[in-house]
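Peer 1: One structure follows; several queries about it will come next.
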Amino acid sequence: EAMYPIAQENFKKWNDALQTKDNKKVAALYSGKDLSFLPTVSPEFVQSSADTEKYFAEFVKKLPFGTITADNVQPYGEDAYLHSGMYTFLTGPESDRVPVEARFSYMWRKIDGAWKIVHHHSSAVPGGAPAPAKEIEAEKMYPTAQQNFKTWNDALQTKDEAKVAALYSSKELSFLPTVSPKFIKGSADTEAYFTEFVKKLPFGTITDDNVQSY
């Protein structure tokens, strides 16, 4: 349990490094020695920093973004843990993102005070039937939903009710707030609600979610 937040943070660091499209930045998260890396889209058994950089030079061109859908963390002392589970990668240009479901296992170890990947195995889920079009569309929308929630949550941190209210539609709005009995349908009432709500210094964290695309 103590290792789970560390595992999440390290996965985020790895995923964020992919977004930079800098293969060296991604490869720097892998150990330079005693490495065991079996990549998703390569038949090679990668064991060196040079080959790790070479693999990610091509992989980042696919514009990958990973989302963990199920996982488990097993600690090995205070300086190592195994993180395994399932993740979905969105790849391809913004106009045509394609989801790829895969299995993963990472062994992270603290080396000279920094967390490094010493083992990484990733492979596409075998034999699965193609996802229905609606499921694929929802998968594509999931990163957008995460980003929009972050935008809303960040707006709350500014304590500026107008900034939060600006994220709500000014027409055809249906807003049932947490700490108000009112059914809010206009911009003025949205601002009035958040004037009081931001004083509570709220910070939201999603603990479980689902995205449905329309």
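The values are calculated or read from the model by the stated rules, or taken from the named source; none is laboratory data. Only a predicted model underlies this, so the values are computations on that prediction, with no experimental measurement involved. We place every Cβ from the backbone using ideal geometry, glycine too, and count neighbours over all the protein chains shown. Heavy atoms of the whole protein, side chains included, go into the accessibility calculation; ligands, DNA and RNA do not. Shrake-Rupley method; radii C 1.70, N 1.55, O 1.52, S 1.80 Å.
Peer 1: Can you pull out the GluC sites (Glu not before Pro) in the stretch 72-132 that DSSP calls coil and that have at most 14 other Cβ atoms within 10 Å?
Peer 2: In loop regions of the stretch 72-132 (DSSP not H, G, I, E or B), the sparsely surrounded GluC sites (Glu not before Pro) are GLU78.
Peer 1: Helix 4-19 versus the longest principal axis of the chain: what angle, 0 to 90°, nearest 10, using Cα atoms?
Peer 2: Taking Cα atoms only, the helix is inclined about 90 degrees.
Peer 1: Another question, if that's okay. Can you show me the helix-derived [θ] at 222 nm for the chain, built from DSSP H runs with n ≥ 4 at -39,500 (n - 2.57) apiece and divided by the number of residues, rounded to the nearest 500.
Peer 2: Working: 6 runs with 73 residues, N = 214.
After summing the helix terms and dividing by the residues of the chain, the value is -10500 deg cm²/dmol.
Peer 1: If you count only protein heavy atoms with a 1.4 Å probe, what accessible area per residue comes out for the stretch 8-161, rounded to a whole Å²?
Peer 2: Per residue, the stretch 8-161 has an accessible area of 56 Å².
Peer 1: Considering the chain as a Gaussian network with a 10 Å cut-off on Cα pairs, which listed residue, SER122, SER169, SER31, attains the greatest mean-square fluctuation?
Peer 2: Taking springs between Cα atoms under 10 Å, the residue moving most is SER169.
Peer 1: Still on this structure, please answer the following. Going by the alpha-carbon gyration tensor, a ≥ b ≥ c the square roots of its eigenvalues, is the chain rounded (a/c under 1.5) or, if a/c is not under 1.5, prolate (a/b greater than b/c) versus oblate?
Peer 2: Judged from the Cα gyration tensor, the chain comes out prolate (a/c at least 1.5, a/b above b/c).
Peer 1: Are there chymotrypsin sites (Phe, Trp or Tyr not before Pro) in the stretch 17-101 that DSSP puts in a loop and that have at most 13 other Cβ atoms within 10 Å, and which ones?
Peer 2: Details: sites: TYR30, PHE37, PHE45, TYR55, PHE56, PHE59, PHE65, TYR76, TYR81, TYR87, PHE89; in loops: PHE45, TYR76.
Passing both the DSSP loop test and the Cβ count: PHE45, TYR76.
Peer 1: How large, in percent, is the carbon and sulfur part of the accessible surface of the chain at a probe radius of 1.4 Å?
Peer 2: The computed percentage sits at 53.
Peer 1: Follow-up question, since we're still on this one. Say R0 is 22 Å: what FRET efficiency, to the nearest 0.05, do THR151 and MET86 get from their beta-carbon distance?
Peer 2: About 0.20, to the nearest 0.05.
Peer 1: Between 0 and 90 degrees, rounded to the nearest ten: what's the tilt of helix 133-157 against the longest Cα principal axis of the chain?
Peer 2: 60
Peer 1: Rounding to the nearest 20 debye, state how big the charge dipole of the chain is about its Cα centre with +1 on each Lys and Arg Cβ and -1 on each Asp and Glu Cβ.
Peer 2: Using Cβ point charges on Lys, Arg, Asp and Glu, the chain gives about 280 debye.
Peer 1: Something else about it: If exposed means no more than 10 neighbouring beta carbons inside 10 Å and the site is in a DSSP loop, what's the longest run of the chain without any exposed trypsin sites (Lys or Arg not before Pro)?
Peer 2: Numbers: sites that count: LYS33, LYS171.
Here the longest run is 34-170.
Peer 1: Output the 0 to 90 degree angle, nearest 10, between the alpha-carbon long axis of helix 187-197 and the longest principal axis computed from the alpha carbons of the chain.
Peer 2: Roughly 70 degrees, rounded to the nearest 10.
Peer 1: Which of the aspartates and glutamates could be linked to LYS33 by a straight reach, that is with a Cα gap under 15 Å, when you skip same-chain ones fewer than 8 residues away?
Peer 2: Of all the aspartates and glutamates, those that pass the test against LYS33 - Cα under 15 Å, at least 8 places apart if same chain - are ASP51, GLU53, ASP112.
Peer 1: Continuing with this model, one more query. Say R0 is 35 Å: what FRET efficiency, to the nearest 0.05, do SER36 and ALA166 get from their beta-carbon distance? Numbers along the way, then the final one.
Peer 2: Working: r = 49 Å, r/R0 = 1.41.
Computed FRET efficiency for SER36 and ALA166: 0.10.
Peer 1: Computed FRET efficiency, Cβ-Cβ of ALA28 and PHE175, R0 41 Å: what is it to the nearest 0.05?
Peer 2: Calculated transfer efficiency: 0.35.
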